[in-house]
Amino acid sequence: MDSFIVSARKYRPATFDTVVGQQPITSTLKNAIKNKQLAQAFLFTGPRGVGKTTCARILAKTINCENISENIEACNECESCKSFNQSHSFNVHELDAASNNSVEGIRSLVDQVRIPPQVGKYKVYIIDEVHMLSQAAFNAFLKTLEEPPAYAKFILATTERHKIIPTILSRCQIFDFARIRVEDITRQLQFVADKEGITAEPNALHIIGQKADGAMRDALSIFDQLVSLSGNSITYKQVIENLNVLDYDYYFKMTELLLQGKTSEVLLLINEVILKGFEGSDFITGFGGHLRNLLVGRDPATVKLIEVSDSIRDAYIAQSKQCPENFLLEALEINARADVQYKSSSNKRLMLELALLQIAGLLKKKARPEPSLSNPSLPEPEKPGEPSKPVAKGQGTTPLPAAPPDRSQPSTPTETTGSVLRRTEPHAVTKDPVTSPAEPQPETTSLSDEKKEETPAPTKLPSGISLKITQPETDEDDLEDHLQEDGDDMPNEHFSLQHFLNAWNALAEQMKEESQGLFLAMTKYEPKINKEGVVRVAIDNMVQNDLIQERKSELLNHLRKELNNYSIQIETGLMENQQQQKAYLPREKFEKLLEKNPEVGRLKKELDLDYDY
């Protein structure tokens, strides 16, 4: 039976060019050899498994090679290279400082330094884990390290640079080894798999690379372990089961449920995760990374920061388009807070569930009114039975989007109070002073008179919800009578209500692939269109309003071209629960209090107060 050699030893780099992930360091060492500018002492520092000892051995072998190639690599044919490859070179000495950390060990090393090399140019001393030397050993080593013989070279390696005294550091050239990138580890694992005739899924190798945390040796050890389990085929499912890693699908599914506000299914999904044996802290950490990847995936310039395989990166990019940026930022804040509080919580599962429910409520939570939908300086709404008050120009109205310059009829303004929209009649058209007094003036109709003549049928909405927008219902024939051509340059053809709804629904289906949130905002409630061609879209919160406003020009262009009518405009109106929502959490109570007394917000800011979560 042949003896098994682990992959970390079998595929250990033997030349500078085969070192993984440390190209700046290997290039510097090769240039130093080429220019004959070798220092008397080197300090290689960095995390475990990144190639410190490997580079030290390659450097020791190369500087003693008798026939160095033009690429500054050892020839592997001379006597020095052969003795090094067979592990009995008299010019390279390796010392483990963990087991030889006394003054006697250093004195023995100093005595050996006095003997010149019999073969080759240099005697190289590699001291691994040098931070383990005692204070007395460091002091005994100082003089030799500062003024060694010309043929003596020292290479010190450590994972804890801060434990080395400054007098040692000042006598060495210091090389900081970085953690190896996941892509580099994955590429090397694929190389090893091809050499060994093993089939491995790219996603599986990426998981191994992430689990290794930048250490190539750890990655190869995990690779050998999985090969022993699965034979000549490594699958993604086997990797996540044996390394106790939560599948990406759980994070993607959880995010989708949170965006849709399905709290019951969120609780069931987290229960499934816990039943699989995962700790809540593991989910919080993984979900935080997932939200971070979604945030950086929104910008093409930062997509490269997502260290996953190409297929999963595409999934992140697709889902990031459905997530508003403010939602991701607030969700990350809640997740980070839960991560801090989780260890000290007596009911850890409740802490996890509460954090997820808070994230699920971000899109449901009633957003503060924005200038486009409300104005704090607006007059109080009219009480029933009172005559309608004239509204001064520029006050209490939110103008419709700008119409084409040739429109003959002015747009009907919409008066808003809080999140409630209601129709106001256009002002009377004032004639020029030179107009003959005998000429009849256009009549104006008050809102109360209009309601007396015709009361629109109430809009059917889900139970417990009412749309705080009053607008006249318009049938197909009436709609065609009122949508007149009012522009000379742009077409304004007649169209039926059904034709409009078909175009709107088709447009929503096109948006579904790009943004699930926008699709929901367009299809949850049926849009209405009034006599002036203004499309009213009912929304649940300001996040949906932002989604529609971001794509408003694209929506308008599509509808105008599809219906061949360029007088169409789009407005949004907030939905409001019929029953007053009760505040449970401290932050919700604060927001309720802030609505009643704005001075509370100034007090919170001046005293630098925070919510008691």
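The values are calculated or read from the model by the stated rules, or taken from the named source; none is laboratory data. Just so it is clear, the model here is predicted, and its values are computed rather than measured. For neighbour counting, all protein chains shown are included, and Cβ atoms are generated from backbone atoms with ideal geometry for every residue, glycine included. The accessibility values were calculated without ligands, DNA or RNA, using every heavy atom of the protein model including side chains. Shrake-Rupley method; radii C 1.70, N 1.55, O 1.52, S 1.80 Å.
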remark   = Rounded to 0.05, the calculated FRET efficiency for the beta carbons of residue 183 and residue 494 at R₀ = 51 Å is 0.30
query = What is the sum of charges around residue 196, taking Lys and Arg as +1, Asp and Glu as -1, for the other residues whose C-beta is under 11 Å from the C-beta of residue 196?
reply = 0
query = Counting pairs of Cα atoms in region 204-246, how many percent are more than 15 Å apart?
reply = 31 percent
query = Per 5 Å bin, what percent of the C-alpha pairs of region 154-296 does each bin hold, from zero upward?
reply = 2, 8, 15, 15, 14, 12, 12, 9, 7, 4, 2, 1, 0
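Output the peptides 547-559, 108-120 sorted from most to least packed, where packing is the average of other Cβ atoms within 10 Å over each peptide's residues.
Working: 547-559: 16.2, 108-120: 13.8.
Most protected by this proxy first, the peptides run 547-559, 108-120.
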note = So, with points 7 Å from each Cα along the Cβ direction, the residue 262-residue 110 label distance in nm works out to 7.4 nm
task = Treating the Cα atoms of region 269-348 as identical point scatterers in vacuum, please give the log10 of the normalised Debye intensity I(q)/I(0) at q = 0.27 Å⁻¹, two decimals.
result = -1.22
key: Gained length - residue 69 relative to residue 242, 0.36 nm times residue gap less alpha-carbon distance   = 57.8 nm
key: Zero-based 10 Å bins, Cα pair distances in region 53-118, whole percents   = 19, 42, 29, 9, 0
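How many Å³ per residue does the convex hull of the Cα positions in region 246-312 occupy? Before the final figure, lay out the partial values.
On the way: hull volume 6.0 nm³, N = 67.
That works out to 89 Å³ per residue.
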ask   = For labels at residue 509 and residue 311 in the simple 7 Å Cα→Cβ model, what's the distance in nm?
value = 2.9 nm
query = Is any residue of region 73-95 close enough, with backbone N under 16 Å, to a label point placed 7 angstrom from the Cα of residue 195 along the Cα-Cβ axis, and if so, which?
reply = none
key: Under the Karplus curve 6.51 cos²θ - 1.76 cosθ + 1.60, θ = phi - 60°, whole-Hz ³J(HN,Hα) for region 596-610, x wherever Gly or Pro sits   = 7, 9, x, 5, 4, x, 5, 5, 4, 6, 5, 8, 6, 8, 9
Carbon/sulfur fraction of accessible area - region 105-149, other protein chains in place, 1.4 Å, % = 50 percent
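Could you do me a favour and compute the accessible area per residue for region 259-298, 1.4 Å probe, result in Å²?
Numbers: 1800 Å² over 40 residues.
So region 259-298 comes to 45 Å² accessible per residue, rounded to a whole number.
In whole percent, how big is the carbon plus sulfur part of the accessible area of region 182-324, probe 1.4 Å, protein atoms only?
Details: 3240 of 6500 Å².
It is 50 percent, rounded to a whole number.
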ask   = How large is the dipole of region 1-110 about the Cα centre if only Lys and Arg carry +1 and Asp and Glu carry -1, each at its Cβ, rounded to the nearest 20 debye?
value = 300 debye
key: region 120-179: equivalent-ellipsoid semi-axes (sqrt of 5 x gyration tensor eigenvalues, Cα, Å)   = 19, 15, 10
query = What would the Debye formula give as log10 I(q)/I(0) at q = 0.11, 0.13, 0.20 Å⁻¹ for the alpha-carbon point model of region 1-145, no solvent?
reply = -0.46, -0.65, -1.39
